[in-house]
Structure formats: structure tokens, C-alpha cells
């Protein structure tokens, strides 16, 4: 319940509205100046190519190839430490292993583990799945936030206070911290949600302890669900989602944030909290929530989900800012790097179909498939685009999480549970190479002015 003091804390007063007008009026920069000074907005050029700001061995995104000296779009590929992700997935699925822990080992240490190394790594993570005494009661259960990413960031920053070597940025200490965070992220996220669900929605409070023998995906479902029950297919698809979200190059916003803050010499908890803040944004980790919300609106708007003409019309309305959130976007379609295809979406799709059949959601899957097929045609007709458009991983991930019964509040934290493996690898890489502090340049376009004394203003 909100009291008067709480309301006043959040109130935007008339004075603030007036001052905000000054921010807007005096803060706008003429778009033409970006071209004049050859500024690559978003660190991407006019053709969508990223500005090269660093080197990495952790992962590679391939979306084009050179043919007769010319850059040509190709089917998307993603490599972890030089290994094709599709081959990695095929490998652990063939052997009926859970793949996230194996993937985390590969990203952190540069090589695939053998059976003994993987077993020892799993045991290490299991030992680290233990929060400090009373942490859940004193930190997570108090003042629960309605946004789980903020709850996660707060928990990470608070762990600093429990670490006697929090500021030590030697590689052994940072590795220890990163492994602990990889192990703890599921608990911090799910317990944070349980606290919110209890105190804000009046639901029963369930706090299940993790089971050492279970994988990360199994433990997530175990500690989230009141009865701790799940099917093997559910656990394996969630594991697959974690693998596909674990890493995606050094240039994505949250991973670049990891490099930037690490380059300043800051501690691990501050670095990861900053990355969480980046991932929270709807243009980054929060995109899959937008996809689900868009499809909910679409299903409510269409009388016949199989009518492709009606689907096309709805997609056109989206692009013309006449439907859903009026942003002019078809969420889940297109990617900053990929053009012909996102390999993560391709891997995901087959398993999504299996889960949809298990859950009796074939009609929803058919609608998703139709939008995936029709959206590029509609976008090409409505917009001038410099490259192809295809479904990205967010297109299906939200649908998967819905079918798994995951609350919307946990969609982005699930992304963080996966990506902490990649962030950790990049943080260590930044520290090992001990480069300069990352400091790009901004061009000032404000004219010089003569100071005006107070009585003449």
C-alpha cells in the first residue's frame, strides 16, 4: 500500500514539468549535424556496420561474407570460442546433456570441458548456490521491487558488502566472484519474484532451496514452481534458451557496458550491476516482453488467426503506428547485425513447435509462424531497408517462456541468468589484456557564449 509520503516522493510537480521543457528545448541537437561531423550514432555506420572498438576471442557473429571482393549477406552464424553454436547444441542434445554449464565453461576458459572437468565445474557451481546467511530475509524480502531487474541489480550490489575481497580485481578473485554470480543469479531472480508476488499480489510465498544434482534450468523450474514439478522437455528447452542467450559478441549494449566499466578498474559487483541496467532496457533484454504483448494485442484484434490477409493488415497498421503501442515496430523482427537469419531463432524454432504441441498451443505457434513469414514482405513494402529482415531470438523466446508458465516479470532476468556467463568471460578478457580505459569522443556543437551577469539576465 502506498502512503502519502511515498506518493509525494514519486510526484512530478508543475515545477518539474516547466524545468523539463528547458531540458527539451535546450537539449535537442540538429540531426543534420550527425552527418556533417560524420558521427556514427549508436556506434554504427549508415550501412549498419559496427564501429570497431575492441578485439575478442569469446564469440563471433557472422552475417555476411566477401564474394568477389564485395560484402554479401549470408545466413547468420554464431560462434562461441570458434565453435558453431548449432554444432554445440547438436552435441549436447545428442548425448542428452544439459548444455548451459558446458557453455559457461567454454566461454570462461576457452576450451570444451571433458567429462571430468564438466563434473568438477558442475560441483563447483553447486557449492556456490548458497546465499549468505539471512540474505533472503534481510535483502530480498525487504522493499521488493515491481521490476525484477532492479531487484537483481540491488542484490548484486549488496553482495559487495558480504565479500571481504570485493575490490580485488586479480584474475583468481574475479573468477571466483563471477562463478558465484553465475551460480546465484537463478536464486536472486526467482526469490526476488517470489517476494514481489507475495507482498504485492498476495500470493503464497515459496522459497525452495536448490538441489545440487540439478542443472541450472532444472533448478530454475524447481525453485519457481510451488510443486517443483516439470517435464524433461520443459527443462531441456529452458536450458537451450540459456545456451542461446549466454553470449552474443562484445558489441551488444550490456556486454559493451561490461567492457567499459571493467576498463575503469571497478569491482565485479558494480560492473555486473551496470550490465544488468543495460539489459533491462526494452531495446535490449526487454524486447521479448514486447513481442508477447504485441501478439496478445494481435490475437485480440484478429477474429481469425489463420486469415493471412488480416495478419498482413495488422502488421501494416503496426508499421504505420496505428496499432499496439504506436511505435511503428514489429517486435521480434530484424536485428542490428543479422539480415537473412538469426541462427538462435532457427535453433529455437523446432523445439518451440515441440513444446507448443505438448502444451496444446498449436494455433498460437501457427500464428507466430505466419507472422515470421509475412512480416519481412510487409516491411519491405512499407520501408526502405538496407538489409534483409528476419525473426530474431526474441521473437520466439517470450512465447517459450509463456508456455513454460514463467511470469512476465522473469523474462528479462532469465536473459540475465544466461548472459552472466558471457559478461563474466568478457570482464576477465578485459582485465587479462589490461587495456586503456574506454573513452570514445563526443563532438561539442554548442556555440561559445559570453557570460551574462545576474542583474542583466
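Here residue 293 clears all of (1) touching a residue at least 24 places away in the same chain (Cβ under 8 Å); (2) more than 14 Å from residue 399 (Cβ to Cβ) except the condition numbered (2).
Filtered by the rule that a residue be out of contact with any strand residue (DSSP E or B) (no Cβ under 6 Å at 6 or more places or on another chain), under 23 Å from residue 284 (Cα atoms), touching a residue at least 40 places away in the same chain (Cβ under 8 Å) and part of a helix (DSSP H, G or I), the range 347-385 gives 347, 348, 349, 352, 368, 371, 376, 379. When 388, 435 are screened for being in contact with a strand residue (DSSP E or B) (Cβ under 9 Å, 6 or more places away or on another chain), in contact (Cβ under 8 Å) with a residue 60 or more places away in the chain and not in a helix (DSSP H, G or I), only 388 passes.
Among the residues of this structure, residue 67 does not count as one that is under 30 Å from residue 103 (Cβ atoms) and without any contact (Cβ under 8 Å) to a residue 60 or more places away in the chain.
Residues that are in a loop (DSSP other than H, G, I, E, B) and free of Cβ contacts under 8 Å to residues at least 40 places away in the same chain do not occur anywhere in the range 15-27.
One residue stands out among those in the range 47-57 that are under 15 Å from residue 71 (Cα atoms) and surrounded by 11 or more Cβ atoms within 10 Å (Cβ to Cβ): the one that is modelled with the highest pLDDT, which is 50.
When residue 161 is tested against (1) at pLDDT 95 or above; (2) out of contact with any strand residue (DSSP E or B) (no Cβ under 8 Å at 6 or more places or on another chain); (3) not in a helix (DSSP H, G or I), just one condition goes unmet, and that condition is (3). For the range 96-128, the set of residues classified as in a loop (DSSP other than H, G, I, E, B), touching a residue at least 12 places away in the same chain (Cβ under 8 Å) and under 14 Å from residue 242 (Cα atoms) consists of 98, 99, listed by residue number.
The values are calculated or read from the model by the stated rules, or taken from the named source; none is laboratory data. Since the structure is predicted, the reported quantities are computational estimates derived from the model, not experimental observations. Reconstructed Cβ throughout: ideal geometry from the backbone, glycine too, with neighbour counts over all protein chains shown.
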